[in-house]
Each structure stands twice: as structure tokens, then as C-alpha cells.
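K.L.:
There's a structure below that I have some questions on.
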Amino acid sequence: EARGEARGEAKGRREGRREGLEQGALEERRSNVRALIEHRFGALSVEVSRRIDLASPAELDVWFHRVLDAKTLAEVIGDA
């Protein structure tokens with residue numbers, strides 16, 4: 001039984017590390033999108049910052065690419 005517990009603990013640690021890495025990558029995406037938008041359009045409103053904080057990885061990827069050619073912030077993330 002001790003071996004089973006040890007295996008369960010090891011599995012839990014691996015899953016925790018994986019989740020931590022995924023969360024770190026998501027926060028880095030948010031930071032990159034935020035930096036690009038601020039550089040291009042100036043300081044972020046509370047609403048835009050909130051939308052970035054709540055965005056899915058797929059949304060962040062789309063916004064990351066849109067900001068390169070967009071003429072307005074609305075073209076990047078829609079009405080903000």
C-alpha cells in the first residue's frame with residue numbers, strides 16, 4: 001500500500017508541475033499581448049486589461065497577431 005501511495009504522490013507532483021508550467025505560459029502570453037497593445041495604442045483601460053486577464057489562449061493568439069496590423073484597438077479585440 002505504501003508503494004501505491006508513493007506512486008500517487010509522484011503523479012500528483014508531476015501533474016502539479018505541468019499545470020504550473022501551463023499557467024506560467026498563459027501568463028506570459030497575456031503579458032506579451034498587453035505589452036504589444038500598450039506599445040501600439042497607449043495605456044490600457046481597466047476594461048481592456050480585464051478582457052486580457054480573462055481571455056482564452058486562443059483569443060490571446062488571435063490578438064497577438066492582429067495587433068501587428070490593426071489601426072485601432074477595436075480591430076484587435078473588438079469593442080472595448
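The values are calculated or read from the model by the stated rules, or taken from the named source; none is laboratory data. Computed from a prediction, not measured in an experiment: that's the story for all the values here. Positions of Cβ are generated from backbone atoms using ideal geometry, with glycine treated the same way; all protein chains shown enter the neighbour counts. The area values use the complete protein model at the heavy-atom level, side chains included, leaving out ligands, DNA and RNA. Shrake-Rupley method; radii C 1.70, N 1.55, O 1.52, S 1.80 Å.
K.L.:
Could you give the length gained on full extension between Asn32 and Ser56, defined as 0.36 nm per residue of separation minus the Cα-Cα distance, in nm?
P.N.:
The span from Asn32 to Ser56 would gain 7.2 nm if fully extended.
K.L.:
Report, to the nearest 10°, how far helix 57-66 tilts away from the longest principal axis of the Cα atoms in the chain, using its own Cα long axis and a range of 0 to 90°.
P.N.:
The two axes meet at around 30 degrees.
K.L.:
Report the gain in length on full extension from Thr72 to Val46: 0.36 nm times residue separation, minus Cα-Cα distance, nm rounded to one decimal.
P.N.:
Gain in length upon complete extension: 7.6 nm.
K.L.:
Between Phe64 and Arg14, what is the label-to-label distance in nm when each label sits 7 Å out along the Cα-to-Cβ direction?
P.N.:
2.7 nm
K.L.:
Over the chain, with the other protein chains present, what is the accessible area per residue in square angstrom, probe 1.4 angstrom?
P.N.:
Values: 5810 Å² over 80 residues.
Accessible surface, normalised per residue, equals 73 Å².
K.L.:
Rounded to the nearest 500, what is the chain's calculated 222 nm mean residue ellipticity when only DSSP H runs of at least 4 contribute -39500 (n - 2.57) each, over all residues?
P.N.:
So the helix-based figure for the chain works out to -26500 deg cm²/dmol.
K.L.:
Let me ask something else about it. Any chance you could list the semi-axes, whole Å, largest first, of the equivalent ellipsoid that the Cα gyration tensor gives for the chain, using √(5λ)?
P.N.:
In descending order, the three semi-axes are 38, 10, 9 Å.
K.L.:
While we're here: To test your reading of the geometry: what angle, between 0 and 90 degrees and rounded to tens, separates the Cα axis of helix 2-41 from the longest principal axis of the chain?
P.N.:
Rounded to the nearest ten degrees, it is 10.
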